[in-house]
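To keep things clear, I will list the structure first and then write my remarks on it.
The values are calculated or read from the model by the stated rules, or taken from the named source; none is laboratory data. Because the structure is a prediction, the values reported are computed rather than measured. Here Cβ is always computed from backbone atoms with ideal geometry, including for glycine, and neighbour counts include all displayed protein chains.
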Amino acid sequence: MSLSPQHNSLRSLTYVPSCPRLCPIARVVTCSATTTKSRSSQNQLVIEPRLVSSPDLVTPNNIISNSGPPLPNDPTLQSTWSHRAWVASGCTTLLMSLAKAITGAADSHMWLEPIVAGYVGYVLADLLSGVYHWGIDNYGDASTPIFGSQIEGFQGHHKWPWTITRRQFANNLHALARSVTFAVLPIDILCNDPVVQGFVTACAGCIMFSQQFHAWSHGTKSKLPPLVVALQDASVLVSRSQHSAHHRPPYNSNYCIVSGVCNEFLDKNRVFEALEMVVFFKFGVRPRSWSEPGAEWTEEADETRPQPTVVH
Ligand SMILES: [Zn+2]
Ligand SMILES: [Zn+2]
């Protein structure tokens with residue numbers, strides 16, 4: 001199917017249920033078709049189906065059969081000792097950084113700057129979580145070096161979002177904990193500046209725990225710890241309502257999963273759309289959000305949940 005760029009709105013097309021972002025894209029593609037080298041079907045933006053199903057979905061920790069989501073007691077959702085070891089090493093490097101921030105602040109009698117740096121790190125972590133999430137939601141596949149398993153894991157998450165609430169703590173965090181260990185340990189060893197350490201502790205800590213914040217945003221209010229609900233309601237952690245918008249068509253907003261504080265700015269100013277245009281015109285790669293949502297992105301019902309009984 002091809003889409004004429006003259007369309008004012010794509011909402012009327014049944015093929016694309018809701019994708020307002022395609023309108024500016026269509027306009028830009030119209031302009032570019034007259035100024036850039038010829039493409040085989042000029043002035044037409046081809047709407048392609050989203051990713052073709054791969055035989056299996058590979059998560060960071062396991063392989064999930066494409067035939068269905070992991071069951072509640074699936075071993076692929078459980079933590080292993082290697083997962084726990086990576087989370088322990090990540091926490092240790094964060095505590096070393098925090099200790100250096102506190103002792104450095106005490107020695108220099110300088111408390112405000114490390115605290116402000118920590119706040120900046122917390123906000124930046126939210127932004128980085130959004131950029132990373134946007135990247136792996138939109139580009140690459142299971143064969144992509146380094147990020148392939150993460151990409152397929154997040155696509156599985158869009159199909160079966162509730163499974164994240166059943167994933168054990170270390171199973172969910174170990175990949176980020178490993179990255180934090182490698183990134184923060186050299187800074188722990190080489191740097192004694194309390195401002196830098198305050199920034200690193202907050203930023204790396206929020207990035208490492210972002211998958212836990214994400215899991216809580218999929219939780220049921222009555223089953224979450226009251227403190228978590230209070231922090232979500234205060235927008236200290238990403239809220240359930242804000243993240244649920246990410247899991248609704250057209251699946252292209254609210255990417256940030258630490259506090260969600262950056263989401264409004266990024267979505268209102270169409271920052272990711274601008275980045276997608278840069279990537280497209282520089283490398284010719286289309287993000288998945290430009291294509292019509294396929295089965296891989298549409299949430300399936302949780303068949304393991306008890307169904308309400310119909311009384312006749
Ligand atoms: Zn996503
Ligand atoms: Zn989610």
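Take the conditions (1) within 16 Å of ligand 2 (Cβ to nearest atom); (2) surrounded by fewer than 22 Cβ atoms within 10 Å (Cβ to Cβ); (3) among the charged types (D, E, K, R); ASP188 misses just one of them, which is (1).
Residues in region 206-223 that are more than 16 Å from ligand 1 (Cβ to nearest atom), in a helix (DSSP H, G or I) and among the hydroxyl-bearing types (Ser, Thr, Tyr): SER222 only.
Only one of the listed residues (LEU176, LEU185) is assigned to a helix (DSSP H, G or I), within 26 Å of TRP216 (Cα to Cα) and out of contact with any Pro (no Cβ under 7 Å at 6 or more places or on another chain). That residue is LEU176. The single condition among (1) within 16 Å of ligand 1 (Cβ to nearest atom); (2) at pLDDT 95 or above; (3) closer than 19 Å to THR165 by Cβ that HIS247 does not satisfy is (2). Once region 133-173 is narrowed to residues that are more than 13 Å from ligand 2 (Cβ to nearest atom) and of a type in the set (Val, Ile, Thr), the residue that is modelled with the lowest pLDDT is ILE146.
The single residue among TRP162, TRP134 that is touching a residue at least 40 places away in the same chain (Cβ under 8 Å), in contact with an Asp or Glu (Cβ under 7 Å, 6 or more places away or on another chain), buried (at least 18 other Cβ atoms within 10 Å of the Cβ) and closer than 16 Å to ILE257 by Cα turns out to be TRP162. Residues that are within 16 Å of ligand 2 (Cβ to nearest atom), within 21 Å of LEU128 (Cβ to Cβ) and of a type in the set (A, V, I, L, M) were ranked within region 226-253; the one that is surrounded by the fewest Cβ atoms within 10 Å (Cβ to Cβ) is ALA245.
For region 286-304, the count of residues that are at pLDDT 85 or above, among the polar types (S, T, N, Q) and in a loop (DSSP other than H, G, I, E, B) is zero.
Which of the residues belonging to region 73-97 are in a helix (DSSP H, G or I) and surrounded by fewer than 19 Cβ atoms within 10 Å (Cβ to Cβ)?
Within region 73-97, PRO75, THR76, TRP81, SER82, ARG84, ALA85, ALA88, SER89, CYS91, THR92, LEU95, MET96 meet the criteria.
GLU264 - would you say it is away from ligand 2 (no atom under 15 Å from the Cβ) and surrounded by 15 or more Cβ atoms within 10 Å (Cβ to Cβ)?
Numbers: away from ligand 2 (no atom under 15 Å from the Cβ): yes; surrounded by 15 or more Cβ atoms within 10 Å (Cβ to Cβ): no.
It is false that GLU264 is away from ligand 2 (no atom under 15 Å from the Cβ) and surrounded by 15 or more Cβ atoms within 10 Å (Cβ to Cβ).
If you take the residues of region 267-282 that are away from ligand 1 (no atom under 12 Å from the Cβ) and among the aromatic types (Phe, Trp, Tyr), which of them is surrounded by the fewest Cβ atoms within 10 Å (Cβ to Cβ)?
Going through region 267-282, the residues away from ligand 1 (no atom under 12 Å from the Cβ) turn out to be 267-271, 273-282.
With among the aromatic types (Phe, Trp, Tyr) added as a condition, the list becomes 280-281.
Numbers: PHE280: 17, PHE281: 13.
Within region 267-282, the match that is surrounded by the fewest Cβ atoms within 10 Å (Cβ to Cβ) is PHE281.
Taking GLY205, is it within 26 Å of TRP81 (Cβ to Cβ) and out of contact with any strand residue (DSSP E or B) (no Cβ under 6 Å at 6 or more places or on another chain)? Working first, answer last.
Working: within 26 Å of TRP81 (Cβ to Cβ): yes; out of contact with any strand residue (DSSP E or B) (no Cβ under 6 Å at 6 or more places or on another chain): yes.
Spelling it out, GLY205 is indeed within 26 Å of TRP81 (Cβ to Cβ) and out of contact with any strand residue (DSSP E or B) (no Cβ under 6 Å at 6 or more places or on another chain).
Taking residues in region 243-261 that are outside any loop (DSSP other than H, G, I, E, B), and partners anywhere that are among the basic types (Lys, Arg) and at pLDDT 95 or above, not one pair has Cβ atoms closer than 7 Å while being at least 6 places apart or on different chains. Report yes if ALA125 is more than 11 Å from ligand 1 (Cβ to nearest atom), within 19 Å of TRP216 (Cβ to Cβ) and either assigned to a helix (DSSP H, G or I) or at pLDDT 95 or above (or both), otherwise no. So ALA125 fits the description; yes.
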